[in-house]
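**Student:** Once you've had a glance at the structure underneath, I'll fire off some questions.
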Amino acid sequence: MTDSPEPRNAQTTQDARTLQDARTVQLGERLDAVRQRISRAAAATGRGNNPPSLIVISKFHPVEDVRRLAALGVRDFGENRDQEASAKAEELQALDLTWHFVGQLQSKKSKTVVRYASAVHSVDRSQLVTALERAMAGQQELTGRGDLDCFIQVGLDDDAGAHRGGATPAEVPQLAEQLEAAGGLRLAGVMAVAPLGADPERAFEKLLGISTGLQQDFPGATGISAGMSQDLEAAVRFGATHLRIGSDILGSRPAVR
């Protein structure tokens with residue numbers, strides 16, 4: 001009696017596994033390369049024993065890639081769209097990941113964001129602080145979750161942040177005072193994106209100055225969320241504590257279907 005041929009669906013499953021393995025290898029290589037860049041940059045500035053934290057920006061990439069990276073040791077992921085972030089966090093809740101919201105946030109989305117996010121890196125206006133405080137009051141009463149880390153996003157453009165978003169440097173002290181007084185929120189520090197076409201070193205040097213001034217009145221606000229794939233070395237040189245890296249690990253954004 002001869003063996004029956006392998007069912008077509010079994011072959012399809014095997015092909016899928018092969019593709020998954022290849023993608024995991026690719027992600028592992030890219031992740032290692034980025035970690036080496038961070039290590040070199042930290043060592044060059046005397047921070048070899050205290051490198052910045054890596055947040056992998058997983059926006060637009062499938063949940064399977066987040067699973068692969070989690071298996072490779074990544075715990076912190078960043079998203080900039082509430083609907084996508086909420087779905088991923090719910091599906092992957094068993095992995096106990098830390099989610100960072102990094103995009104511009106509508107106040108009405110606060111109730112959803114506080115269900116999964118440990119940090120919001122884009123607090124840029126008073127109304128958002130009020131909305132997050134209100135949402136956290138309800139969420140902490142319901143679940144007892146910890147306080148939400150909040151980074152003040154600062155616009156570093158000469159035209160007051162019209163291109164990349166964020167509060168003006170002059171607005172930072174008032175937002176800091178509001179965050180410090182808000183229940184359920186913790187003033188973590190500042191965040192910025194280097195302006196388009198600008199020298200990232202000059203931009204991040206400016207952000208460091210803003211951070212230093214902030215810490216004079218709020219010593220606990222030591223976080224500096226800065227640096228992406230193309231400028232992480234400059235960000236590390238000027239004190240970044242959190243790096244937001246996407247494309248150099250996950251590759252180009254998948255085509256929209």
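**Student:** Treating the Cα atoms of the chain as identical point scatterers in vacuum, please give the log10 of the normalised Debye intensity I(q)/I(0) at q = 0.10, 0.12, 0.13, 0.16 Å⁻¹, two decimals.
**Tutor:** Those come out to -0.52, -0.73, -0.84, -1.23, one per q.
**Student:** Projected onto the charge dipole of the chain (+1 at Lys/Arg Cβ, -1 at Asp/Glu Cβ, origin at the Cα centre), which of L54, S110, A70 gives the Cα projection farthest towards the positive end?
**Tutor:** Selected residue: A70.
**Student:** What is the spin-label model distance, in nm, from A137 to L72 if the labels are put 7 Å beyond Cα along the C-beta direction?
**Tutor:** Result for the modelled spin labels: 4.3 nm.
**Student:** I've got another one for you. Looking at the chain as a GNM with Cα springs under 10 Å, which of D147, D124, D96 has the largest mean-square fluctuation?
**Tutor:** Looking only at D147, D124, D96, the largest GNM fluctuation is found for D96.
**Student:** Determine the sum of side-chain charges near I55: Lys and Arg each +1, Asp and Glu each -1, restricted to other residues whose C-beta is under 11 angstrom from that of I55. Numbers along the way, then the final one.
**Tutor:** Details: positive: R75, R244; negative: D76, E79.
Net local charge, I55 excluded: 0.
**Student:** First check a/c for segment 19-129, with a ≥ b ≥ c the square roots of the eigenvalues of its C-alpha gyration tensor; if it is under 1.5, answer rounded, and if not, answer prolate when a/b is larger than b/c or oblate otherwise. Please report the intermediate quantities before stating the final value.
**Tutor:** Values: a/c = 2.53, a/b = 1.28, b/c = 1.97.
Since a/c reaches 1.5 but b/c is at least a/b, the shape of segment 19-129 is classed as oblate.
**Student:** Could you compute the net charge surrounding A70? Neighbours are other residues with a C-beta less than 14 Å from the C-beta of A70; K and R count +1, D and E count -1.
**Tutor:** Numbers: positive: R23, R67, R68, R75, K88; negative: E64, D65, D76, E91, D96.
Summing Lys and Arg as +1 and Asp and Glu as -1 gives 0.
**Student:** Once all Cα-Cα distances of segment 82-185 are split into 10 Å bins that start at 0, what whole-number percent is in each one?
**Tutor:** 15, 47, 29, 9, 0
**Student:** With +1 on each Lys and Arg Cβ and -1 on each Asp and Glu Cβ, how big is the dipole of the chain about its Cα centre, in debye rounded to the nearest 20?
**Tutor:** Details: 29 positive and 33 negative charges, 59 e Å.
With Lys and Arg at +1 and Asp and Glu at -1, about 280 debye.
**Student:** In a GNM of the chain with a 10 Å cut-off on Cα contacts, which of A203, A89, A22 has the highest mean-square fluctuation?
**Tutor:** A22
**Student:** May I ask for the net charge around H121, where only other residues with Cβ less than 9 Å from the Cβ of H121 are counted and Lys, Arg are +1 while Asp, Glu are -1? Let's see the in-between values first.
**Tutor:** Numbers: positive: R244; negative: D149.
With Lys, Arg at +1 and Asp, Glu at -1, the net is 0.
**Student:** Given Cβ point charges of +1 (Lys, Arg) and -1 (Asp, Glu) and nothing else, what value in debye, to the nearest 20, does the dipole of segment 104-237 about its Cα centre take? List each step's numbers first, then the result.
**Tutor:** Values: 12 positive and 17 negative charges, 131 e Å.
Around 640 debye, computed over segment 104-237.
**Student:** Could you tell me the calculated FRET efficiency between T45 and S118, based on Cβ-Cβ distance and R0 = 22 angstrom, to the nearest 0.05? Working shown, then result.
**Tutor:** Details: r = 27 Å, r/R0 = 1.21.
The value I calculate is 0.25.
**Student:** Could you tell me which of rounded, prolate or oblate describes segment 15-84, using a ≥ b ≥ c as the square roots of the eigenvalues of the alpha-carbon gyration tensor, with rounded for a/c under 1.5 and, failing that, prolate when a/b is larger than b/c and oblate otherwise? Please report the intermediate quantities before stating the final value.
**Tutor:** Numbers: a/c = 3.20, a/b = 1.55, b/c = 2.07.
Note, shape of segment 15-84 comes out oblate.
**Student:** Also: Ordered by packing density, taken as the mean number of other Cβ atoms within 10 Å over each peptide's residues, highest first, how do 185-192, 32-39 rank? Each step should come with its number before you reach the end.
**Tutor:** On the way: 185-192: 25.6, 32-39: 15.2.
Ranked from most to least packed, the peptides come out as 185-192, 32-39.
**Student:** P(r) for segment 114-257, please, calculated from all Cα pair distances in 5 Å bins and given in %.
**Tutor:** For segment 114-257, the pair-distance distribution reads 2, 10, 19, 21, 18, 14, 10, 5, 1, 0.
**Student:** Take the chain, connect every pair of alpha-carbon atoms lying under 10 Å apart with a spring to form a Gaussian network, then pick out the residue of Q216, Q178, Q139 with the largest mean-square fluctuation.
**Tutor:** With Cα springs under 10 Å in the chain, the top fluctuation among Q216, Q178, Q139 is at Q216.
**Student:** Name the residue from M191, V34, V154 whose Cα lies farthest towards the positive end of the charge dipole of the chain, charges +1 on Cβ of Lys and Arg and -1 on Cβ of Asp and Glu.
**Tutor:** V34
**Student:** Per DSSP H run of at least 4 residues, take -39500 (n - 2.57); add these up for the chain, divide by its residues and hand me the 222 nm value, nearest 500 deg cm²/dmol. If you can, show how the numbers build up before the last one.
**Tutor:** Values: 9 runs with 116 residues, N = 257.
The helix-only estimate for the chain comes to -14500 deg cm²/dmol at 222 nm.
**Student:** For the chain, please report how many Lys pairs fall under 21 Å Cα to Cα, leaving out neighbours fewer than 8 apart on the same chain. Display every interim value, and only then the final one.
**Tutor:** On the way: K59/K88; K59/K108; K59/K109; K59/K111; K88/K108; K88/K109; K88/K111.
Close lysine pairs under the 21 Å cut-off: 7.
**Student:** Let me ask something else. Quickly rank 43-49, 130-136, 232-238, 70-76 as a protection proxy: mean count of other C-beta atoms within 10 Å, highest first.
**Tutor:** Numbers: 43-49: 11.9, 130-136: 20.4, 232-238: 22.6, 70-76: 14.7.
Listed from highest to lowest mean packing, they are 232-238, 130-136, 70-76, 43-49.
**Student:** So, one more: In debye, nearest 20, what is the charge dipole magnitude of segment 11-157 about its Cα centre with +1 on Lys and Arg Cβ and -1 on Asp and Glu Cβ, if you could check? Please list the in-between numbers first.
**Tutor:** Numbers: 20 positive and 19 negative charges, 39 e Å.
Charge dipole of segment 11-157: 180 debye, to the nearest 20.
Rule-based calculations on the coordinates, nothing more; no lab input. In this text, all values refer to a predicted model and were calculated from it rather than measured experimentally. Reconstructed Cβ throughout: ideal geometry from the backbone, glycine too, with neighbour counts over all protein chains shown.
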